[in-house]
Amino acid sequence: MTTTRLIIALDFPAADLAFRFVRQLSPDTCKLKVGFELFVAAGPAFVGKLVDLGFDVFLDLKFHDIPNTVAAACKTASHLGVWMMNVHALGGEKMLEAAANSIQSVEKPPLLIAVTILTSMDEQQLSGIGINEEPRNQVLKLAEMTKNNGLDGVVCSAQEANMLNTHLGNEFQLVTPGIRPTNSEKGDQSRVMTPLDAIKSGASYLVVGRPITQANEPLSVIEGINNEIVLATQ
Ligand code: C5P
């Protein structure tokens, strides 16, 4: 595992496009996230190729099903050699426990984290699915449940990092999307934070997609973010 705390979201529609981008990157300066779009297009073989190139890969497939099915999917995914993968905490305690147990016998188990409440869900959306609770309270409840069932951390908004750090401690990994380097476009992310502020708030890893993948000079954006991360930890 490399020490970089920057995870680039490889949101590309095809393996060749993703690979053309990856060729210029180094595992020393970034980790890579493969989500639905690229996984559906390129499959497990492409994930294996990234692992073989030395990258720490976060397989962002957000499994959410009955405990037995999620446990089997986690075990199979762990054989790809990924560094991190995730499930939905809303799958419930039994599902989280089964997922965590399923990878215990793997030789080098990936970090297993959970999505709590998607940042696209506001109070009104939550109420629409029968959860009458403020999103922050619900996030904390699900993150506590995630920790109690032996998982390593959660995906969360950087705005929630401070609260989760205080309640769950530094060892619990907080992976935060919605990061925008100073002076970059927000895109469709509404609540954003700079790399510096996110790390200062307690984020363990930063997920950044378009500000890097659509930049004219991705390597200089990566360098800038890594510099901000160093600055935040000094
Ligand atoms: O391009 P951008 O930096 O907005 O990409 C953020 C990445 O993080 C995307 O892959 C998106 O799916 C993911 N993500 C997110 N918000 C969440 C969970 C995941 O933006 N709550």
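In table form, for the structure just shown:
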{"item": "Local net charge near I131, Cβ-Cβ under 13 Å (Lys/Arg +1, Asp/Glu -1)", "result": "-2"}
{"item": "Global form of segment 104-234, assessed from the alpha-carbon gyration tensor, a/c cut-off 1.5", "result": "oblate"}
{"item": "FRET efficiency, Q234 to A41 (Cβ-Cβ, R0 41 Å, nearest 0.05)", "result": "0.55"}
{"item": "Nearest-10 value in Å² for the accessible area of D122, using the 1.4 Å probe", "result": "80"}
{"item": "Residue order for M95, M193 - accessible surface, 1.4 angstrom probe, largest first", "result": "M193, M95"}
{"item": "Solvent-accessible heavy-atom area per residue, rounded to whole Å², over the chain at 1.4 Å", "result": "49"}
{"item": "Full-stretch length increase - E134, D28 - with 0.36 nm per residue and alpha-carbon distance subtracted", "result": "34.2 nm"}
{"item": "Spatial separation of Cα centroids for segment 180-210 and segment 21-98, in angstrom", "result": "22"}
{"item": "P(r) of segment 6-233 over all Cα-Cα pairs, binned every 10 Å from zero, in whole percent", "result": "8, 33, 38, 20, 2"}
{"item": "Net charge of neighbours whose Cβ lies under 10 Å from the Cβ of L111, counting Lys and Arg as +1 and Asp and Glu as -1", "result": "-2"}
{"item": "Translational diffusion of segment 24-95, µm² s⁻¹ [Kirkwood Rh, Cα pairs; Stokes-Einstein; 4 °C; 1.567 mPa s]", "result": "101"}
{"item": "Among L174, L50, L112: highest mean-square fluctuation, GNM of the chain, C-alpha pairs under 10 Å", "result": "L50"}
{"item": "Packing-based ranking, highest mean first, of 69-82, 155-168 given that Cβ atoms within 10 Å are counted", "result": "155-168, 69-82"}
{"item": "Positive-pole candidate from T213, L80, N148, dipole of the chain, charges at beta carbon", "result": "L80"}
{"item": "Charge context of T146, other residues only, Cβ under 11 angstrom, K/R +1, D/E -1", "result": "-2"}
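The values are calculated or read from the model by the stated rules, or taken from the named source; none is laboratory data. Note that the structure is predicted; figures quoted are calculated from it, not measured. Note that we place each Cβ from the backbone using ideal geometry, even for glycine, and neighbour counts take in every protein chain shown. The accessibility values were calculated without ligands, DNA or RNA, using every heavy atom of the protein model including side chains. Shrake-Rupley method; radii C 1.70, N 1.55, O 1.52, S 1.80 Å.
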